[in-house]
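The values are calculated or read from the model by the stated rules, or taken from the named source; none is laboratory data. Everything numeric in this text was worked out from a predicted model, so none of it was measured. In this analysis, Cβ positions are derived from the backbone assuming ideal geometry, glycine residues included, and neighbour counts consider all displayed protein chains.
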Amino acid sequence: MTSSATSTTEFLDVDGVSVATRTLGSGRRVVLLHRFRGTLDDWDPAFLSALATDHEVFMFDSLGVGQSGGVTPSTVEGMADFAARVIRATTDRPVDVLGWSLGGFVAQVLALEHPSVVRALVLAGTMPPGGASELVWSPEWLERASAPVPTAENVLALMYTNSPSSRQAGTSSFGRMPRPPAAYVSPKAMATQAEAIRRFADGDDIGWSARLKDLTAPTFVANGDRDELFPAIDSVVLAREIPRGQLAIYPDSGHAFLFQHGERIAEDVGRFLRSA
């Protein structure tokens, strides 16, 4: 195990499926659940290093994504069930979970359906299940994010604001990530993920919105103030609906706010998890 953000990829067998994983740091385990089309190589190494200062950070490519085998589930529930299986295959203790974007959907369902595996939650750049009238999200953003090969220009336009400081942070973050990545996400897997996002965000998965009040894990909700996919109002509603939910909105930042403000967010997340 290493504290370097360039940790070796290891493959874990989970019910006959080969799952690509990485682990770095030491301390209480934090499991990362990724965004739409995100793979192991799409986590910013600087953010990982900051988070791994006080934690053991565990991440994996989900079913049918990146270097993992299997078929991408068509529902958030299926993704959450698989995440629970991965966690149980690696530890018998409850873990802290950080879910970003689509990973935040998965984290909510994981905590509700498999409460014994989750100690505390961090929900980043995401939204609650559709239901509340205030909620908004951008299908058009998701369509633009589905380019077969993401370029730096595409990432900057989607993930960061137009300010010079935000664009510079985005350029630096993109430059720290391996290019090309070890594996891309197939168009079929992306389409399946996009449909799961739509169903959850539009409230087609009936019942999850009402169940947020039953979420018992301490929860920290965070977002950028100019997230174009899941605007900050979505995080406000999410924190409101979760018992004892805490909320933080970060300035001059979009969907990749956790990379733009990496060290600050790692400190805030660490402080929250210690208090949890």
Regarding region 61-71, can at least one residue be identified that is at pLDDT 95 or above, within 21 Å of R274 (Cβ to Cβ) and not charged (D, E, K, R)? no
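Going by the structure shown, is L12 buried (at least 21 other Cβ atoms within 10 Å of the Cβ), over 19 Å from P180 (Cβ atoms), modelled with pLDDT of 95 or more and aliphatic (A, V, I, L, M)? Show your work before the answer.
Details: buried (at least 21 other Cβ atoms within 10 Å of the Cβ): no; over 19 Å from P180 (Cβ atoms): yes; modelled with pLDDT of 95 or more: yes; aliphatic (A, V, I, L, M): yes.
Answer is no for this residue.
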Based on what the data block shows, is L112 within 22 Å of V237 (Cα to Cα) and modelled with pLDDT of 95 or more? yes
Does A132 meet the test of being over 18 Å from F257 (Cα atoms) and among the hydrophobic types (A, V, I, L, M, F, W, C)? yes
Members of region 33-49 found to be among the hydrophobic types (A, V, I, L, M, F, W, C), under 18 Å from A189 (Cβ atoms) and touching a Gly at 6+ places or on another chain (Cβ under 8 Å), listed by number: L33, L40
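Sort through E153, E143 and tell me the only one that's exposed (fewer than 14 other Cβ atoms within 10 Å of the Cβ) and within 19 Å of the chain's Cα centre (by Cα). Write out each step before concluding.
Working: E153 fails: within 19 Å of the chain's Cα centre (by Cα).
Being exposed (fewer than 14 other Cβ atoms within 10 Å of the Cβ) and within 19 Å of the chain's Cα centre (by Cα) holds for just one of E153, E143, which is E143.
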Looking at region 10-30, I want the residues that are of a type in the set (S, T, N, Q) and have a partner that is modelled with pLDDT of 95 or more and surrounded by fewer than 18 Cβ atoms within 10 Å (Cβ to Cβ) with Cβ atoms under 6 Å, at least 6 apart or on another chain. Which pairs are those? S18/F11; S18/G69; T21/E10; T21/L12
Pairs with Cβ under 6 Å, 6+ apart, first in region 35-52 and in contact (Cβ under 8 Å) with a residue 12 or more places away in the chain and closer than 15 Å to G104 by Cα, second of a type in the set (F, W, Y) and buried (at least 21 other Cβ atoms within 10 Å of the Cβ): R35/W100
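Hey, can you tell me all the residues within region 223-233 that are in contact with a Ser or Thr (Cβ under 7 Å, 6 or more places away or on another chain) and crowded, with 21+ Cβ neighbours inside 10 Å?
Restricting attention to region 223-233, the residues satisfying the condition of being in contact with a Ser or Thr (Cβ under 7 Å, 6 or more places away or on another chain) are 223-226, 228-230.
Within region 223-233, N223, G224, L229, F230 qualify.
Can you find a residue in region 254-266 that is surrounded by 15 or more Cβ atoms within 10 Å (Cβ to Cβ), in a loop (DSSP other than H, G, I, E, B) and out of contact with any helix residue (DSSP H, G or I) (no Cβ under 7 Å at 6 or more places or on another chain)? Break it down stepwise before answering.
Restricting attention to region 254-266, the residues satisfying the condition of being surrounded by 15 or more Cβ atoms within 10 Å (Cβ to Cβ) are 254-262, 265-266.
When the remaining residues are screened for being in a loop (DSSP other than H, G, I, E, B), the result is 254-256, 261.
Cutting the leftovers down to out of contact with any helix residue (DSSP H, G or I) (no Cβ under 7 Å at 6 or more places or on another chain) gives us 261.
Yes, some residue in region 254-266 is surrounded by 15 or more Cβ atoms within 10 Å (Cβ to Cβ), in a loop (DSSP other than H, G, I, E, B) and out of contact with any helix residue (DSSP H, G or I) (no Cβ under 7 Å at 6 or more places or on another chain).
Table: residues versus (1) among the aliphatic types (A, V, I, L, M); (2) under 12 Å from the mean Cα position of the chain (by Cα); (3) in a helix (DSSP H, G or I); (4) surrounded by fewer than 23 Cβ atoms within 10 Å (Cβ to Cβ).
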{"position": "L24", "(1), (2), (3), (4)": "yes, no, no, yes"}
{"position": "L32", "(1), (2), (3), (4)": "yes, yes, no, no"}
{"position": "A46", "(1), (2), (3), (4)": "yes, no, yes, yes"}
{"position": "G69", "(1), (2), (3), (4)": "no, no, no, yes"}
{"position": "S74", "(1), (2), (3), (4)": "no, no, no, yes"}
{"position": "F82", "(1), (2), (3), (4)": "no, no, yes, no"}
{"position": "R85", "(1), (2), (3), (4)": "no, no, yes, yes"}
Among residues belonging to region 87-107 that are in a helix (DSSP H, G or I) and more than 11 Å from the chain's Cα centre (by Cα), point out the one that is nearest to V236 (Cα to Cα). I87
Given (1) over 21 Å from E10 (Cβ atoms); (2) surrounded by fewer than 22 Cβ atoms within 10 Å (Cβ to Cβ); (3) not aromatic (F, W, Y), V118 misses just (2)
When (1) surrounded by fewer than 17 Cβ atoms within 10 Å (Cβ to Cβ); (2) more than 29 Å from D268 (Cβ to Cβ); (3) at pLDDT below 95 are applied to Y184, the one that fails is (1)
